[in-house]
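All remarks here apply to the structure that follows.
The values are calculated or read from the model by the stated rules, or taken from the named source; none is laboratory data. What you see is a predicted model; the values in this text were computed from it and never measured. Virtual Cβ from ideal backbone geometry, glycine too; neighbours counted across all protein chains shown. Ligands, DNA and RNA are excluded from the accessible area calculation, which covers all protein heavy atoms including side chains. Shrake-Rupley method; radii C 1.70, N 1.55, O 1.52, S 1.80 Å.
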Amino acid sequence: MSDESKTAWMLVSAGAIQIGVRRAGNPVHPALVLLHGWPHSSALYTTVMDALAADRYVLAVDLPAIGTSRGEPPSAEKTTLAGLVLEAVERCGAHSIVIAGLDVGGMIAFAAARDHSERIVGAVVANTVIPGVAPWKKIIADPNIWHFAFHALPRLPETLVHGKEGAYFDYFIDALAGDSSAVSPVLRRAFIEAYARPEALRTGFDWYRAMEKDAERNAIPKRIDVPLLYLRGAAGGTDGDEYVSGLRAAGATNVHGEVISGGEYSPLEAPAEFVSVLLRFCHSCQTLERSKRAWRSH
């Protein structure tokens, strides 16, 4: 994959905030929206955007208040963030949207499929658990996932992490990556800069503070006909079947899972596989959408 992407930046209004969008490809093509998680930014996808943009309009988003985005969202609930992201990319001309997210971005992609299905044609959830969806209770009870509870505390995480973002972020990158060297020093600095403003760091922790409400919403099954792909890095130590079963129980009628090389940072650790799996899924969603339109026209 290329080290530099031929991307263009755009700052787009969504509600009362502005969202930074990194774009590649032709807007006439179906859109692929890429969402980062914590503690990342849209820079996570720089090296794969050109390959994905061969026949997609690719938009990597800085989540509200993070990186180039400005203004804090009205809520950190993932359904609200999904609505804001979709509003921003639609303003960029995105259509026939597949939305793909890693970590917290995956939670937002699920919220898009669950609560905004009329605006997308498919969703990819990568390397994360969904609040309120099995195996959520098992995961948050695992002492190795201590940071979910810590990040949800009011004010304390900001107080302790501010000024020490590099060491704190490195801890999670090194623990979650199958090959931590795939996350370069340049990219690590970019992540630190993305959360350097107090409101950005606070917003990142707010994602965790909202997870109890996310879980309450998602625990109520709701039919989801939009195709879902659950993607997992093999270094995470699970085949993902438990997560796929949880998504089915939550109402997903068209969901399957795939495992690729690497750990948490699939776009960096296994870029060729990541691109191949996403493009294959996008093409299948596009084919299904064309079939639906043809059926409706008759």
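Determine the dipole magnitude for segment 234-298: charges of +1 sit on the beta-carbon of Lys and Arg, -1 on that of Asp and Glu, nothing else is charged, the reference point is the Cα centre, and the result goes in debye to the nearest 20.
Details: 6 positive and 8 negative charges, 142 e Å.
Value, rounded to 20: 680 debye.
For segment 1-84, what's the relative contact order in percent, using C-alpha pairs closer than 8 Å and at least 6 residues apart?
Values: 164 pairs, mean separation 28.8, N = 84.
Computed over segment 1-84, the figure is 34 percent.
Taking each pair of distinct Cα atoms in the chain once, what is the resulting Kirkwood hydrodynamic radius in Å?
18.9 Å
Please provide three numbers in whole Å: the alpha-carbon extents of segment 200-287 along the principal axes, with the largest listed first.
Principal extents (Cα only, largest first): 36, 34, 26 Å.
Among H147, G178, H116, which residue has its Cα furthest toward the positive end of the charge dipole of the chain, with +1 on Lys/Arg Cβ and -1 on Asp/Glu Cβ?
Farthest towards the positive pole: H116.
What are the aspartates and glutamates whose alpha-carbon lies under 14 Å from the alpha-carbon of K138, with same-chain residues fewer than 8 places away excluded?
Within the straight-line limit of under 14 Å, K138 reaches these aspartates and glutamates: E242.
For the chain, what is the accessible area per residue in Å² when the probe is 1.4 Å? The partial results should precede the final answer.
Working: 12260 Å² over 298 residues.
On a per-residue basis, 41 Å².
Tell me, what HN-Hα J-couplings in whole Hz come from the Karplus equation 6.51 cos²θ - 1.76 cosθ + 1.60 at θ = phi - 60° for each residue of segment 148-163, using x for Gly and Pro?
Ordered by residue, 3J(HN,Hα) equals 4, 6, 5, 5, 7, 5, x, 6, 4, x, 4, 4, 7, 8, 3, x Hz.
What ³J(HN,Hα) values, in whole Hz, does the Karplus curve 6.51 cos²θ - 1.76 cosθ + 1.60 give for segment 135-140 when θ = phi - 60°, with x put for Gly and Pro?
Values per residue, Gly and Pro as x: x, 3, 4, 5, 5, 6 Hz.
Based on a Kirkwood Rh over C-alpha pairs, give the Stokes-Einstein translational diffusion coefficient of segment 59-185 at 37 °C and viscosity 0.692 mPa s in µm²/s.
Taking Rh from Cα pairs, D becomes 201 µm²/s.
Enter the mean projected area of the convex hull around the alpha-carbon atoms of segment 1-104, in nm², rounded to one decimal. Working shown, then result.
Values: hull surface 23.3 nm².
So the mean shadow area of the Cα hull is 5.8 nm².
Give me the dipole magnitude in Debye, nearest 20, for the chain about the Cα centre, with unit charges on the beta carbon: positive for Lys and Arg, negative for Asp and Glu.
860 debye
Under a 10 Å cutoff between Cα atoms, tell me which one of I97, I260, I145 has the largest fluctuation in the Gaussian network model of the chain.
For the chain, modelled as a Gaussian network with Cα springs under 10 Å, the answer is I145.
Could you name the aspartates and glutamates in cross-link range of K292, using Cα to Cα under 16 Å and dropping any fewer than eight places away on the same chain?
In chain and number order, the partners are E118, D225.
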